[in-house]
Amino acid sequence: MAVDALDTRILRLLIEQPRTSVREYARILGVARGTVQARIDRLERDGVITSTGPVLSPAALGHPVLAFVHVEVTQGRLDEVGDALAGVPEIVEAFSITGGGDLLTRVVARDAGHLEDVIQRLIRLPGVVRTRTEIALRERVPHRLLPLVETIGQRSATV
């Protein structure tokens, strides 16, 4: 899906001012409200915008420990293990990967002991061969997409 300069400006506003109304976005951008709404609807329909809910902080919810757990899976059981991971609330993301392991999970925990409990739960899942854990010390670049969106928008403006 092509993202043009107006889409980029709309996405920037949605990221930077998520509680603002479509009417206010239109005023800021100097375009009709219907145009902004139609663009937002298209961006949602095309899967560019995937969520409009709040971004929550696991640390503020009492889970300040962040770890990346690599999970090695018995051949042929990737889907089964992936489904089982969805039942572990401390796993906030899981991806199939290449390289050293089959799955990479992002795990949050209350403390080191709780993290160990979560890892032990993972190890007991049928189909899990072993895990390898890396604990995050400090976030250096927070999750962000605006720089990527702006690069795409700049490229479409020069075409």
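The values are calculated or read from the model by the stated rules, or taken from the named source; none is laboratory data. None of these values were measured; they are calculated from a predicted model. So basically every Cβ, Gly included, is an ideal-geometry build from the backbone, and we count neighbours across all protein chains shown.
Yes or no, residue by residue, for (1) touching a Pro at 6+ places or on another chain (Cβ under 6 Å); (2) at pLDDT 95 or above; (3) in the same structural domain as Arg9 (by TED's automatic domain parsing); (4) of a type in the set (A, V, I, L, M):
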{"position": "Gln37", "(1), (2), (3), (4)": "no, yes, yes, no"}
{"position": "Val48", "(1), (2), (3), (4)": "no, no, yes, yes"}
{"position": "Val71", "(1), (2), (3), (4)": "no, yes, no, yes"}
{"position": "Val88", "(1), (2), (3), (4)": "no, yes, no, yes"}
{"position": "Ile91", "(1), (2), (3), (4)": "no, yes, no, yes"}
{"position": "Ile97", "(1), (2), (3), (4)": "no, yes, no, yes"}
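So which of Arg106, Arg121, Arg130 is assigned to a helix (DSSP H, G or I), touching a residue at least 12 places away in the same chain (Cβ under 8 Å), surrounded by fewer than 19 Cβ atoms within 10 Å (Cβ to Cβ) and of a type in the set (D, E, K, R)?
Arg121
Just to check your reading of the model, which residue among Glu116, Glu139, Glu93, Glu72 is in contact with a strand residue (DSSP E or B) (Cβ under 9 Å, 6 or more places away or on another chain), assigned to a strand (DSSP E or B) and loosely packed, with under 14 Cβ neighbours inside 10 Å?
Criteria check complete, one pass: Glu93.
Could you tell me whether Leu61 is at pLDDT 95 or above, within 20 Å of the chain's Cα centre (by Cα) and within 24 Å of Val108 (Cβ to Cβ)?
For Leu61, the condition - at pLDDT 95 or above, within 20 Å of the chain's Cα centre (by Cα) and within 24 Å of Val108 (Cβ to Cβ) - is met.
Each row is one residue, and each column tells you yes or no for (1) in contact with a Gly (Cβ under 9 Å, 6 or more places away or on another chain); (2) without any contact (Cβ under 8 Å) to a residue 24 or more places away in the chain; (3) loosely packed, with under 14 Cβ neighbours inside 10 Å.
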position	(1), (2), (3)
Leu11	yes, no, no
Asp46	no, no, yes
Thr52	no, no, yes
Pro58	no, no, no
